[in-house]
Structure formats: C-alpha cells, structure tokens
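Asks: Dumping the structure here so I can ask a few things about it.
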Amino acid sequence: MSDVRFELNHRERAALQAVAAGRVEITCSCEPDLFIDGVAFCDQQTAHRLVHQGLMRPAAPGVPGELVAAELTGPGMERLGTAVPG
C-alpha cells in the first residue's frame with residue numbers, strides 16, 4: 001500500500017460507494033476484478049488502483065479467483081467521509 005494520496009474521480013468514488021452499500025464482489029487475486037450488482041466492472045485499472053491504494057479489500061479470505069464480498073478499509077471509509085467503526 002502506498003502513502004500517496006490522490007484525488008478520487010467520479011468513477012472511483014462511485015465504486016467505493018457501491019462497496020459501502022454492499023453491492024460489490026471482488027476476486028481473490030493479486031490483481032482483483034470487481035463485480036458490481038453481478039456485472040463485471042468495466043474499468044479494472046480503477047479497481048486495481050483502489051485495492052492497491054488500500055481503500056478496499058476482500059471481506060473474507062478465498063481461494064485464488066473466488067468471488068467474495070468487498071469491503072472498505074478504514075482509509076477507504078475516511079476518503080468517502082463515512083464513519084470508521086470504533
């Protein structure tokens with residue numbers, strides 16, 4: 001994970017909001033793919049960037065290639081301005 005902060009664009013913010021709403025699944029992989037509402041997310045570079053920046057992650061462990069729920073990390077919640085669980 002990098003300490004570099006970047007401004008979220010509309011697509012990145014929308015993807016994080018979908019994760020927060022529980023609508024996203026992620027593949028267990030070093031270069032994960034996202035599925036929003038069961039449909040492949042068209043911008044996998046954005047998906048990779050959000051994961052590699054530590055803003056989202058798989059909510060549970062899985063075997064490589066398995067789809068699991070995605071969740072926001074603490075920094076992801078902060079970037080969206082949502083409450084971080086205490």
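The values are calculated or read from the model by the stated rules, or taken from the named source; none is laboratory data. Predicted model only: the values in this text are computed from it and were never measured. For accessibility, only protein heavy atoms count, side chains too; no ligands or nucleic acids. Shrake-Rupley method; radii C 1.70, N 1.55, O 1.52, S 1.80 Å.
Asks: Per-residue HN-Hα couplings for region 31-39, Karplus 6.51 cos²θ - 1.76 cosθ + 1.60 at θ = phi - 60°, whole Hz, x for Gly and Pro?
Replies: Once θ is set to phi - 60°, the couplings for region 31-39 become 10, x, 9, 10, 10, 10, 6, x, 10 Hz.
Asks: Quick one: which residues, 5 or more positions from A59 or on another chain, have an amide H under 5 Å from its amide H? H modelled 1.01 Å from N in the peptide plane, none for Pro or chain starts.
Replies: Answer set, sorted by chain and number: A69, A70, E71.
Asks: Send over the Kirkwood Rh of region 32-86, from the inverse of the averaged 1/r over different Cα pairs, rounded to one decimal Å.
Replies: 12.0
Asks: Please calculate the 1.4 Å probe accessible area of V19, with all protein chains present, and give it to the nearest 10 Å².
Replies: Estimated to the nearest 10 Å², V19 gives 10 Å².
Asks: List, in order, the whole-Hz ³J(HN,Hα) value for each residue of region 7-18 obtained from phi through the Karplus relation with A = 6.51, B = -1.76, C = 1.60 and θ = phi - 60°; use x for Gly and Pro.
Replies: 6, 6, 8, 4, 5, 5, 4, 5, 5, 5, 5, 5
Asks: Hey, what do the phi angles of region 63-70 turn into as Karplus ³J(HN,Hα) couplings, whole Hz, using 6.51/-1.76/1.60 and θ = phi - 60°, x for Gly and Pro?
Replies: Karplus values, whole Hz, x for Gly and Pro: 6, x, x, 6, 8, 9, 4, 9.
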